[in-house]
Amino acid sequence: MSKVKFYYDPESLSYRKIERKKRNTFKFISVFLLATALFAFLFVFIAGHYFESPKEKALKRELTNMQLQFDLLNKKMQEAETVLANIEDRDNNIYRVYFEANPIAEEQRRAGFGGINRYKNLEGYDNSSLIIETSKRLDILQKQIVVQSKSLDEITQLAEEKEKLLAAIPAIQPVSNEDLTRMASGYGMRSDPFTKARKMHWGMDFTAPRGSPVYASGDGVVVRADSGSSGYGNHIRIDHGFGYTSLYAHLYKYNVRKNQKVKRGDLIGFVGSTGRSEAPHLHYEIFKDGDRINPINFYYGSLTAEEFSKLLEHATLENQSLD
Ligand SMILES: [Zn+2]
């Protein structure tokens, strides 16, 4: 029940009832509600601003932890970058140099991802720069690893090739020549044993008694073992691959057949004097891409420096060949 209020009217000298207008009531309620709403809003705003809810506190902790983890990840990434840089350095300056491959340029290893901005979806957050920097770093690291891995694949292949090449090259003397006295005549202008005229001697002559063993000077395949070439008599040709062929002439007997695979040092035949030959000896030639070259240059690996210079001295003497 609402209280009824009165007021004193001096004109009529009587108490009169205060009539509350309906409009006033409405206004009063409106103002009250507005004030309440404003107050509530202010309260929530201030409380939200200065006091954290448990959920907010948990989220904040989580965020701090994540930032810490990001920092740790960045440190680990730096370690990985250092290790990789070390490998790249060795790759460029040792492995690739050794196998005669061009070094991989720095720009090629660290090439970015120009053009489109691939980190757009990471923009617009408080931690954007941290996340973008880390992502970029990881992307570059990933690419560097791919480049490095490819380079090592290439090196592996080159190493295999080089191993084959080293095994194939005709790099030892074709007869046992321990005291280096067997080399009778070298490559170059020599006098012909039959005509005595000065002419080119395309190989090396090793004197040895008939029946002395003759060895393959490198890995390869026997492409000929016959007497079909004029002058050479019974002779063997070995294809070593990489453009190299070696030839062994005036043989007494064969120890291999055509198409047979041989290894360096295998016994392939025996010294004789068949064909255009003055006395038992082995005439030995090396072909590179079809041209005959001086065999002396291939012994340096199997001889000491002194032995090599002694052999070289013998080989350059302009004597008479045994052909
Ligand atoms: Zn000769």
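The values are calculated or read from the model by the stated rules, or taken from the named source; none is laboratory data. Small disclaimer: the values here were computed from a predicted structure and weren't measured. All Cβ positions, glycine included, derive from the backbone under ideal geometry; neighbour counts span all protein chains shown. Please note that ligands, DNA and RNA were not included when accessible areas were found on the heavy atoms of the full protein model with its side chains. Shrake-Rupley method; radii C 1.70, N 1.55, O 1.52, S 1.80 Å.
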Can you tell me which residue among Asp205, Asp239 is part of a strand (DSSP E or B) and either within 13 Å of the ligand (Cβ to nearest atom) or in contact with a Lys or Arg (Cβ under 6 Å, 6 or more places away or on another chain) (or both)? Asp205
Can you find a residue that is outside any loop (DSSP other than H, G, I, E, B) and either over 46 Å from the mean Cα position of the chain (by Cα) or within 16 Å of the ligand (Cβ to nearest atom) (or both) anywhere in the stretch 165-183? yes
Heads up, the strands (runs of 3 or more DSSP E) in the stretch 246-323 (entirely inside) with at least 2 residues that are within 13 Å of the ligand (Cβ to nearest atom), open to solvent by less than 50 Å² (accessible area, probe 1.4 Å) and in contact (Cβ under 8 Å) with a residue 12 or more places away in the chain are 281-288
Kindly indicate the residue of the stretch 185-195 that is touching a residue at least 60 places away in the same chain (Cβ under 8 Å) and open to solvent by 30 Å² or more (accessible area, probe 1.4 Å) and also nearest to the ligand (Cβ to nearest atom) among those meeting that condition. Tyr187
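Condition check ((1) over 30 Å from Glu161 (Cβ atoms); (2) assigned to a loop (DSSP other than H, G, I, E, B); (3) open to solvent by 80 Å² or more (accessible area, probe 1.4 Å); (4) not β-branched (Val, Ile, Thr)) across all residues:
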| residue | (1), (2), (3), (4) |
| --- | --- |
| His49 | yes, no, yes, yes |
| Ala58 | yes, no, no, yes |
| Met66 | yes, no, yes, yes |
| Leu72 | yes, no, yes, yes |
| Met77 | yes, no, no, yes |
| Gln108 | no, no, yes, yes |
When the stretch 14-27 is examined, which residues are found to be assigned to a loop (DSSP other than H, G, I, E, B) and either at pLDDT 85 or above or open to solvent by less than 100 Å² (accessible area, probe 1.4 Å) (or both)? Ile18
